[in-house]
Structure formats: C-alpha cells, structure tokens
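Colleague: Below are the structure tokens for one structure; questions will follow.
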Amino acid sequence: MKPLETKLRAVRDSGRKALVPYFMAGLTPDWTQHVEAAVHAGADAVEIGIPFSDPMMDGVVIQEAALTSLARGTNLDSICADLAKISVDVPLITMTYFNIFHHYGLERSIGKLTESGIEGAIVPDLSLEESGPWHEISNSYDLANIFLVAPSTNTERAKLLAQASEGFCYASARMAVTGKSSDEGDAAQVVAGIRAGSDIPTYVGIGITTPKQAKDASKIGDGVIVGSALVQLLIDGAGPGKIEEFITSFRLAID
Amino acid sequence: MTDAKTFMQAPDERGRFGEFGGRFVPEALMPACLELEIAFKDAWSDPAFIEEYNTVLRQFAGRPTPVTPLLRLSEKLGINVYAKREDLAHTGSHKINNVVGQTLLTKRMGKTRVIAETGAGQHGVATATAAARLGLECTVYMGEVDTVRQSLNVFRMELLGATVVPVTSGSKTLKDAVNEAMREWVTCVSDTHYCLGSVMGPHPFPWMVREMQSIIGHESSRQLIELGVATPDFVVACVGGGSNAAGIFSGFANTSARLIGVEAAGGAAVKNGSPGVLHGMRSMLIQSEFGQIEEAHSISAGLDYPGIGPEHAYLADAGRAEYYPIGDEVVLDALQLLSELEGIIPALETAHAVAWITREAGKTIPKGSSVLLNLSGRGDKDVAQVRSLLRGE
C-alpha cells in the first residue's frame, strides 16, 4: 500500500472526515504560505494544481488561476522548488494534465514530484486505458495514482477505477467541470459504485463551494475536496487569515 | 495497421495510429467515447446506414463534387493541376461530408442535440445545417477572435437556428473553442453528441471523421481515371486538424502518389511541434519547454490550430506523407492567382495548398507532373477579410 493510502485510511479510522482544499501552485508569490494556513486550520491533505494552458476539466476560476500562475513564469521546476519550502504534516497531492508530465518525461516527472514531497497524483485526462506506463513507473516511487469516477461511469468501470486508485478515489459529484454548482449532484450513486469495488477512502469533489454542500457530501463520502471556491478567494486577494477562516468554516461543517 | 505497406486502415483497439492517437479524456467523457465507438462501428458496417448517408450526400450535399482540370494555372506552372471541388459542396466546403454522417449517427444513438467547435465557421455552419435538416438542437463554440473575423458565418449559423457561444478563454481561437466544447460536453453528454469537426480528439473521432471524409479521395480517384490520370504524382491539401487532407489522402494512401499536407507556418505542428497530449489525443503539438500549448497564428481561422490529427502525425512519422509550412505572406497571392486564372475564389485555408503548389512547381514538383489539389472550400467567407488585407487596412 502506498504511504498516502496508509495515511488517509488512518484519518478515516480515526472517525474524521477528510477535508482536502485545492491550491493553484504559483498563483501568488506567497502561495506556499496559503497551503500552510489551510493545514493549520484543519486540512487533512492538500491538492496542488500545476497550471496547464488548456485545462479541459476546469471551469473559469481555475482556468484563470492557471493563466495567472503561468503569466508569473511558473513551471514544473519552479513549482517543485517552491514545494520544498512547504512545511506541513499532511500529504500533498498534485493535480494537473498529462501533457505536463508527458513533455517533461514520465520518470523524470515522477522522480521530481516525489523528491518534492508529493505523495499522490490526480491526472484527469489520463484515462484508465492510457495510464499503464505512468502507473508502472509510479509504482517504484511511492506515488499514489488517484482516479476520478463520474456519474456517467457504469458499475463495471467504477469497480475497475476504484481498484486502480491508490490513496483515495475521487468521486465526481456531478457531470460538470470544476466550479460553482447549485444542483444536488449524484455523489451518492458514484460513491456507491466505488464502494462496490473497493474499501479505499472515497472523497467527493466537483462543485462543492459552500460549507452546507461540504456537509452533505461528507455524509456520503469519507472526505470532501474544495477547489474553485477557495481559488476564487485567492484570486480576490485573500491572505492567510481569510484562508484559515474559510477552511475553518468547512471544517466545522463536516465535523 | 502495423503492416508497413498499407496505410489509412482502422487504428488499433486503443485507437492508436502507430504511437499517435489514443483516448486522453476525463472519466466523465470516457463512457461517451466508448459508446460512440460501438455506435460508429455498428453504423458504418450497416448497409442501410451507408445507403442513407450516401443518399443525403447526393440529394442534399451536392455530391459527387467534380474534379476540374485547372488549365490556365497548369499552363502557367508547367504541371497538370486538377482540383477536387469541395468548394462546390453544400455550405461551401468538405465539412458537410462529416456532419451529415455524424448527425445521422446522433439520431441513431437516440441523442437530440449536437455541439460543435468551429474556427473559420465552416464546420459550425455545416453542423448547424445538418442539424437543422434533422431537427437537432445545435450549439456552436467559436473563439471570440474568430467570431469577429468571421462574423458573417456567425450570422449564417444563427439563421440556421443554431446558438453560437463566443469563447473568451485562452487565445480565443479554435484551440479554446475545442476546450470549451469538451467542457460543455461533460455537462450534457447523456443527450448530446459532440460533433467534432476534424480528424482529431479522442478515439474514435480521428478515425470516424477520416472515414466520413474518405469519400473525397474515393471519388477523386475514380474521376481522375476518367480524365486519363491513373495515379496523380502529388496529392496536396491544406491541414489544420487535417480532415480534408485525410479525406483525399484516403483515396491514394496505398498508391505511388506523394501525399502533401500544407500547414500554416504559424501552426506547423509537424515541422515545429513535438509529441504531446491535448484534446484527447497524443499527437504533434506546438508547445513550450514545459509542455504548455502555444498559440497558433494564421491569416486563416481554420488553420489556427497548434496541433494536427494523430493519423497525420503517424503518416509523417512513417514517411508516407510530407507536411510543409506556408506563411501568411504568400497566401493572398495564391488566392488572387486562382481567382484570376481559374475563376475560383478559394478559402484562405485552401489558398495555402495553392501557394505550396505554385511555389514548388518546377522544384519539388517536377515539370509535367500531375497534381491533385483538394480545393477544400470556397472563399466567400473570407472576402471581407481579404478586401481589408489587400487595401492594407
């Protein structure tokens, strides 16, 4: 079992719902302090977005954050250098698109990420069918691969994806890209599909923007992922204090 | 597929042409891609579907389009140029072939709505047209920059009952329109088919679109024989994503003809790109040192794309087809030349292929050679832009 999964299973075993905020790496020069503030306020793991020019699975907020970060001149090397400065005791998980790693080299990317303290990777456009080479290399590096399961995924595929996932399995709460959402979503059905295949921790994300939505999602899964709502705050100039306040409000809602 | 002697067969079971292609999409779209693959295979081997497709192409789209010997251009260049007249197909370009097939497939899959991306607007207009014919709802995503330079096409789509959504993200051109259409598809995949306009995207799109465009190659092959040309020495087509080129190459892939794809210099993915993953496929892409996709630049909205269809990447890699860039500066000359010598105003995209032939006649193309040009679209949509450019505005 990859170290990430051991840690996240321990969170679940302690009876705690996991809270996983998403940050866009390099959005501001002091972005690593934002990650630390979130952990201080009770995040159980942190998703670190690496900016890509063409984020197919992301809505306008994360698109804007990616372009802002890229305009600051960030790249995989500079982001990994920043990551080394982060001092937190919860796991860091990266999320980005496959071309970043494909271009940098798979083994070189995985080596670089794990050296920089990354324990898991979510690569939404790397389908299960195309993930073989990436998976094979990551196995010798303690990098956990996390797959998404969507409402459109059938039972058979959900089982395969749950079994292929390491660390946790990402339950997409709705048929949407990242960002604001007001509908109820399909998290219950997706989580049930994952649990039919594996007892891996299952976190619900996509469209969770309010503490109320987080609370509902946490009753369905083992944790929640909050991205765009937080990134919007950061785009609007939030500092560590605001971030702690935001994370605390979600923490209170799911505890 | 692995047999080096036969080209343009079906891709392997993972949707690969050699090292290119595949299916790199979010899980939310995987079931739709798998469903589409099954539906396409089923339809494409069903004689009743093929019959309907061919009937619509004949009765509605104006096929077969003729092959015209370009006598005055040939005389000027010292070669024999034949034009496959896709500009005469309904809606003014080859795009109609693909959308007739995909909209029939949409109905067969029980879906009621199509979405599409468009660059120059030709694919958007074609999709809106085919959707209107079948009573399908239609939404077209178009880069904001392109809605300005092709504003008449926006109005045409609206006349045809489609909704046009200007895309304001990224470079606001074709690449971003594809991103936006993919994002939209995630939200509505249960009742909506993504009618992709070129030989790109995740499997089965590159294969399916090539098959639906292969009628260009098959017709030309027969028509050239009637004109006394058993096999042309060259087959030349412009390439953005590469659907018109894939269509015409299909008829000649396993002959001695040299296959030439002409890319816009500002989007020359084969010459200036490297392997990468974008829009669901592994192909050649123009990208930065750290794998960020760069913006293409071209006088023609339809070639403003930083990638190329995966089968073209494979044909280039295998040495079966050659791809050359043509800069904006010679495109207008080519457009004027064809207009004045032949009475055909080509689309700016097509003018790239004309420019390559004009430049290479007597050089890469030996004197006396026979050249089949895919005259992929008519230039009506570009006339306002060309007027501004020629007046130096």
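Where a number appears in this text, it was derived from the coordinates with a stated rule and is not lab data. These numbers come from a predicted model, not from an experiment. Because the Cβ atoms are built from the backbone with ideal geometry, glycine has one as well, and the counts that use them run over all protein chains shown.
Colleague: Partner chain Cβ atoms within 10 Å, averaged over the residues of A:101-107 - can you pull that number for me? Write out the running numbers ahead of the final one.
Modeller: Values: counts 2, 10, 12, 3, 0, 0, 0.
Mean shielding by partner chains, rounded to a whole number: 4.
Colleague: Which of the lysines could a cross-linker bridge to residue B:381, judged by Cα under 16 Å and excluding same-chain residues fewer than eight apart?
Modeller: Straight-distance partners of residue B:381: B:95.
Colleague: Show me the three semi-axes of the equivalent ellipsoid for the range A:176-255, from the C-alpha gyration tensor (sqrt of 5 times each eigenvalue), largest first, rounded to whole Å.
Modeller: The equivalent ellipsoid of the range A:176-255 has semi-axes of 25, 14, 10 Å.
Colleague: Bin width 10 Å, origin at 0, all Cα-Cα pairs of the range A:3-254: what percent of pairs per bin?
Modeller: 8, 35, 41, 16, 1
Colleague: Another question, if that's okay. For each of A:57, B:200, count neighbouring Cβ atoms within 10 Å of the residue's Cβ, then give the residues from fewest to most.
Modeller: A:57, B:200
Colleague: What pairs in B:175/B:271; A:7/A:85; A:215/B:175; A:7/A:212; A:7/A:159; A:159/B:41 have C-alpha atoms more than 29 Å from each other?
Modeller: A:215/B:175
Colleague: I'd like the GluC sites (Glu not before Pro) in the range B:7-98 restricted to DSSP loop residues with at most 11 other Cβ atoms within 10 Å, sorted by number.
Modeller: B:13
Colleague: How large is the helix-only mean residue ellipticity at 222 nm for chain B, computed as the sum of -39500 (n - 2.57) over DSSP H runs with n ≥ 4, divided by its residue count, in deg cm²/dmol to the nearest 500?
Modeller: Mean residue ellipticity at 222 nm (helix-derived): -13000 deg cm²/dmol.
Colleague: Roughly how many debye, to the nearest 20, is the charge dipole of the range A:3-254 about its Cα centre, given +1 on each Lys and Arg Cβ, -1 on each Asp and Glu Cβ, and no other charges?
Modeller: In total the dipole reaches around 580 debye.
Colleague: Once you have all Cα-Cα distances for the range B:42-103, histogram them in 10 Å bins from zero and send the whole-percent values.
Modeller: Computed distribution, short to long bins: 21, 37, 24, 13, 4.
Colleague: For the range B:120-166 and the range B:310-342, compute the distance between their C-alpha centroids and round to whole Å.
Modeller: Centre-to-centre distance over Cα atoms comes out at 26 Å.
Colleague: Oh, and also: Sorted from fewest to most neighbouring beta carbons within 10 Å, what does the list B:194, A:104 look like? Walk me through the numbers before you get to the answer.
Modeller: Numbers: B:194 26, A:104 19.
Ordered from fewest to most neighbouring Cβ atoms within 10 Å, B:194, A:104 come out as A:104, B:194.
Colleague: A further question follows. Kirkwood Rh, the protein assembly as shown, all Cα pairs: how many Å? Could you put the intermediate results ahead of the total?
Modeller: Values: mean 1/r = 0.0393 Å⁻¹.
One over the average 1/r among Cα pairs gives 25.4 Å for the protein assembly as shown.
Colleague: Evaluate the charge dipole of the range B:1-87 about its Cα centre and quote only its size in Debye, nearest 20, assuming +1 on the Cβ of each Lys and Arg and -1 on the Cβ of each Asp and Glu.
Modeller: 620
Colleague: Another question, then. Once you keep just the Cα pairs under 8 angstrom separated by 6 or more residues, what percentage relative contact order results for the range B:56-170?
Modeller: After rounding, I find 19 percent.
Colleague: To continue, here is another question. Where in the range B:1-82 are there trypsin sites (Lys or Arg not before Pro) that are in a DSSP coil and have at most 12 other Cβ atoms within 10 angstrom of their Cβ?
Modeller: For trypsin sites (Lys or Arg not before Pro) across the range B:1-82 that sit outside H, G, I, E and B with at most 12 neighbouring Cβ atoms in 10 Å, the list reads B:5, B:14.
Colleague: Pick out, from A:202, A:32, A:235, the residue whose Cα sits farthest towards the positive end of the charge dipole of the range A:3-254, with +1 on the Cβ of Lys and Arg and -1 on the Cβ of Asp and Glu.
Modeller: A:202
Colleague: Just how large is the dipole of the range B:195-296 about the Cα centre, in debye to the nearest 20, putting +1 at every Lys and Arg Cβ and -1 at every Asp and Glu Cβ?
Modeller: Charge dipole, the range B:195-296, about its Cα centre: 180 debye, nearest 20.
Colleague: Let me ask another. Among B:354, B:67, which comes first, then next, by fewest other beta-carbon atoms within 10 Å? Please report the intermediate quantities before stating the final value.
Modeller: Details: B:354 29, B:67 21.
Going from sparsest to densest Cβ surroundings: B:67, B:354.
Colleague: Another question, if that's okay. Place +1 on the Cβ of every Lys and Arg and -1 on the Cβ of every Asp and Glu in chain B, take the dipole about the Cα centre, and give the residue among B:267, B:373, B:171 whose Cα lies farthest towards its positive end.
Modeller: With unit charges placed on the Cβ atoms, the residue in question is B:373.
Colleague: Could you give the length gained on full extension between residue A:180 and residue A:6, defined as 0.36 nm per residue of separation minus the Cα-Cα distance, in nm?
Modeller: 59.5 nm
Colleague: Another question, then. With unit charges on the beta carbons (Lys and Arg positive, Asp and Glu negative) and the dipole taken about the Cα centre of the range A:3-254, which residue among A:192, A:155, A:4 sits farthest to the positive side?
Modeller: A:192
Colleague: For chain A, calculate the relative contact order in percent as a whole number, restricting contacts to Cα pairs under 8 Å that are 6 or more residues apart. Please list the in-between numbers first.
Modeller: Values: 517 pairs, mean separation 61.0, N = 255.
Relative contact order here is 24 percent.
Colleague: Compute from the Cα atoms of chain B the Rg and the Dmax, the latter being the longest Cα-Cα distance, and quote both in angstrom.
Modeller: Using the Cα atoms of chain B, the pair Rg, Dmax is 19.1, 56 Å.
Colleague: Could you compute how fast the range B:291-342 diffuses translationally, taking Rh as the Kirkwood radius over C-alpha pairs and applying Stokes-Einstein at 25 °C with viscosity 0.890 mPa s? Give it in µm² per second. Write out the running numbers ahead of the final one.
Modeller: Details: Rh = 13.4 Å.
My calculation gives 183 µm²/s for D.
Colleague: Just checking the output field for B:280-288: average partner chain Cβ neighbours within 10 Å of each residue's Cβ?
Modeller: Going residue by residue through B:280-288 and averaging, the value is 2.
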